[in-house]
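Novice: Below is one structure. I have some questions about it.
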């Protein structure tokens, strides 16, 4: 135990000092807020480490279409390192569009191009996809070949989870007759969120990206839930929204108060889904990175202060990481479960 | 604020990637996995049912066997009882017969003895008679040597003999 603690401390010190050195050179004064936000935002490259002011990052492809020149541009993001300009593009350091690629029009205004760059989050999504395929396609193959054999290895580990999603999420919320149609989506969403949550907990490449703590990612998944819910809505579902027999008439006409609220609910539900996952994962990332930032802040007061706070920070980060492991599962489960409940509401027939 | 503004590029790539995830995993993972699990569950249910049936059948067979065994046991007991009865009957019969035979033999022996006795007595009588005659002859002969005596004897005889 003691050896481990020393190792963690040593690693924290090395990382802390080097990063601090880099920040020190660049900005003179460490800005904790910017540091934290930068860590949880998407980026045009994948930062690996900074050692003695020398940055190591994986450059990623930039794909932009200039609105001014009406032309597509493809180049590696290392052309934009350290505020450099390339073909009129550079990374903006001020709001709005802070940290995004921009260009200047003839009047000198900053214009955002159409930006389909393969960013850090896109790469992280692809890594998680490769992992998902690498794990589940061989398992699927084994199931196909030996359907009646007892599960083994990774298959045995994941089968209870799959059964849990099937029995306690899909069947329980959608019903025995209709749940099967929604299983592929529910399983995909669950494992996609779960694996990205876990990868997000890793402090270094190929993890560390804040995928599920990004509004665009959670939004897309929530949009899928919304679309599936809306498409599978039965007559009963729509009737329940626009003319529910449980609601007294004066709430429906002449002023359609309840229908309006119900209709809003259709959009609020997936929105809440999107925000819950985003906020939970982002929160976890921010808290953990803040403890790292704390080391840098204290480092400005000297090595002793940095050393002291390192111990506290590392302990807290370890504790929070365990907490986040729990959150990683719970949030994946909640997203899946609520999606299933919405599907269940959409396909419900008659009254309960 | 950058945190709350979803990036168009990321939305595009995420949508594309997620659709690919859905399609590929549905085709190569979820479908075979769920189908196989279902198949296996059905197989397990079926097997359990079959096992149940087999168990019931076994129970039935066991019951039958028990019945047969009980009957056999009863029969055996009866047979033993019968055999014992027969044995005792035969024994008593034999005893009786033995007794009878003994009696008969005894009687026969007694009869034989009686007969032998009679014979012997007869023979003795005969022998005694003969001997008496011979003795008498001898006595007479010796006594009747002289004619005097003969006369006297005849007179005695005549005296003893009643002339009726």
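All of the numbers you see were taken from the coordinates with simple rules; none came from a lab. Just so you know, these numbers come straight off a predicted model, no measurement behind them. Every residue, glycine as well, gets a Cβ built from its backbone with ideal geometry; the counts of neighbours run over all protein chains shown.
Novice: Between the helical axis of B:147-160 and the dominant principal axis of chain B, each derived from Cα atoms, what acute angle in degrees is found, rounded to the nearest 10?
Specialist: Result, in degrees: 60.
Novice: Taking the radius of gyration and the Kirkwood hydrodynamic radius from Cα positions alone, what is the Rg/Rh ratio for chain A, to two decimal places?
Specialist: Expressed as Rg/Rh, it is 1.04.
Novice: Using a 10 Å cut-off around each Cβ of peptide A:116-129, what is the average number of partner chain Cβ atoms that fall inside?
Specialist: Averaged over the peptide's residues, the number is 4.
Novice: Does anyone have the angle between helix A:257-299 and the longest principal axis of chain A? Alpha-carbon axes, 0 to 90°, nearest 10?
Specialist: 20 degrees
Novice: Could you sort the peptides A:86-92, A:190-196 by per-residue average Cβ neighbour count (10 Å cutoff), highest mean leading?
Specialist: Most protected by this proxy first, the peptides run A:190-196, A:86-92.
Novice: Now a separate question. Would you mind checking the tilt of helix A:303-347 against the longest principal axis of the Cα atoms of chain A, expressed as 0 to 90 degrees and rounded to 10?
Specialist: 20 degrees
Novice: Residues in segment B:29-45, backbone N under 12 Å from the label point at residue B:56 (7 Å along the Cα-to-beta-carbon vector): list them, ranges by number please.
Specialist: Those under the cut-off are none; the list is empty.
Novice: Sticking with this structure for a sec: If we count other beta carbons within 10 Å of each Cβ, what is the order of A:278, B:12, fewest first?
Specialist: B:12, A:278
Novice: Stretched out fully, how many nm does the piece from residue A:114 to residue A:326 gain, at 0.36 nm a residue minus the Cα gap?
Specialist: 72.5 nm
Novice: Report the far tail of the P(r) of chain B, meaning the percent of Cα-Cα pairs longer than 21 Å. Don't skip to the answer; put the middle values down first.
Specialist: Values: 11076 of 13366 pairs.
Percentage above 21 Å: 83.
Novice: Round to the nearest 0.05 the FRET efficiency obtained for residue A:264 and residue B:79 when R0 = 60 Å and r is the Cβ-Cβ distance. Can you show the working numbers first?
Specialist: Working: r = 93 Å, r/R0 = 1.56.
The formula returns an efficiency of 0.05 here.
Novice: Here's something else I'd like to know. So for the pair residue A:304, residue A:137, with labels modelled 7 Å out along Cα→Cβ, what separation do we get in nm?
Specialist: That separation, rounded to one decimal, is 5.9 nm.
Novice: Also: Averaged over its residues, how many other protein chain Cβ atoms are within 10 Å of peptide A:305-312's Cβ atoms?
Specialist: Counting Cβ atoms of other protein chains within 10 Å of each residue's Cβ and averaging gives 0.
Novice: Before anything else, pin down the relative contact order of chain A: Cα pairs under 8 Å, at least 6 apart, normalised by residue count, whole percent.
Specialist: Relative contact order here is 20 percent.
Novice: Quick one: B:146, B:7, fewest Cβ neighbours within 10 Å first, how do they rank? The partial results should precede the final answer.
Specialist: On the way: B:146 10, B:7 23.
Ordered from fewest to most neighbouring Cβ atoms within 10 Å, B:146, B:7 come out as B:146, B:7.
Novice: Here's another thing I want to ask about it. Which peptide among A:116-125, B:28-37, A:240-249 comes first, and what is the full order, when sorted by highest mean count of other Cβ atoms within 10 Å?
Specialist: Going from most to least packed, we get A:116-125, B:28-37, A:240-249.
Novice: For segment A:61-115, what does the equivalent ellipsoid look like in terms of its semi-axes, each the square root of 5 times an eigenvalue of the Cα gyration tensor, given largest first in whole Å?
Specialist: 15, 15, 9
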